[in-house]
1. Please determine whether any residue of the range 88-106 is surrounded by 15 or more Cβ atoms within 10 Å (Cβ to Cβ), among the small types (Gly, Ala, Ser) and in contact with an Asp or Glu (Cβ under 8 Å, 6 or more places away or on another chain).
2. Show me the helices (runs of 4 or more DSSP H) found entirely inside the range 1-73 where at least 1 residues are without any contact (Cβ under 8 Å) to a residue 12 or more places away in the chain and surrounded by fewer than 17 Cβ atoms within 10 Å (Cβ to Cβ).
3. Suppose we keep only residues that are under 14 Å from the mean Cα position of the chain (by Cα) and without any contact (Cβ under 8 Å) to a residue 40 or more places away in the chain within the range 119-148. Which one would you say is surrounded by the most Cβ atoms within 10 Å (Cβ to Cβ)?
4. Test each condition in (1) under 22 Å from ARG108 (Cβ atoms); (2) over 15 Å from the mean Cα position of the chain (by Cα); (3) polar (S, T, N, Q) for SER47 and report the one that comes out false.
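Since every read-out is calculated from the coordinates, none of them should be taken as a lab result. Model, not experiment: these values are computed from the prediction. Cβ placement follows ideal geometry from the backbone for every residue including glycine, while neighbour counts extend to all protein chains displayed.
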Amino acid sequence: MNPPDHPRLPLLAESYRRLTGRLLVPSGADLPRALWEAPRVIVAHGSEPDPVFFYGNRLAVEVFALDFAAFTRLPSRYSAEPLAREERARLLERVRCEGYIDDYAGVRITADGRRFAIAGATVWNLIDGDGTLHGQAACFVPPQNYVI
């Protein structure tokens, strides 16, 4: 598959740089390709009342056991088990208030029901130059194992 492009990819990378002071992908890289091939999971959802993923890179669709088209139709709350959704909502509110966090740990669930743990995830707001919130994004090292 060719790396998917989306009009919000520059916002994803620029918001990360502005908030964390770090680069999400190497400077000057072909952004769609660099995000798609990054060695960590990168996901992003919009700011709808029930946010839907608009982006997931190669590792994200692999880890969540979906193809890109299915992943980008998935409400992001479904990336967590029902009992973990309240915790996830608190996390997203913390990120909304603080701009970003880089210490998130939790359990996520794949489309086929496998659970996996993530740790040290960075979650950040997608904010344009005018300060408008367009959603949130996250990146984390892909899991080595799936948990029961």
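1. Checked the range 88-106: at least one residue is surrounded by 15 or more Cβ atoms within 10 Å (Cβ to Cβ), among the small types (Gly, Ala, Ser) and in contact with an Asp or Glu (Cβ under 8 Å, 6 or more places away or on another chain).
2. On the way: elements: 9-20, 31-36, 58-63, 68-71.
By residue number, 9-20, 68-71.
3. The initial filter retains those residues of the range 119-148 that are under 14 Å from the mean Cα position of the chain (by Cα), namely 119-126, 134-142.
Then keep just the ones that are without any contact (Cβ under 8 Å) to a residue 40 or more places away in the chain; that gives 119-121, 123.
On the way: ALA119: 11, GLY120: 11, ALA121: 20, VAL123: 22.
Checking each candidate, the answer is VAL123.
4. With (1) under 22 Å from ARG108 (Cβ atoms); (2) over 15 Å from the mean Cα position of the chain (by Cα); (3) polar (S, T, N, Q) applied to SER47, the lone miss is (2).
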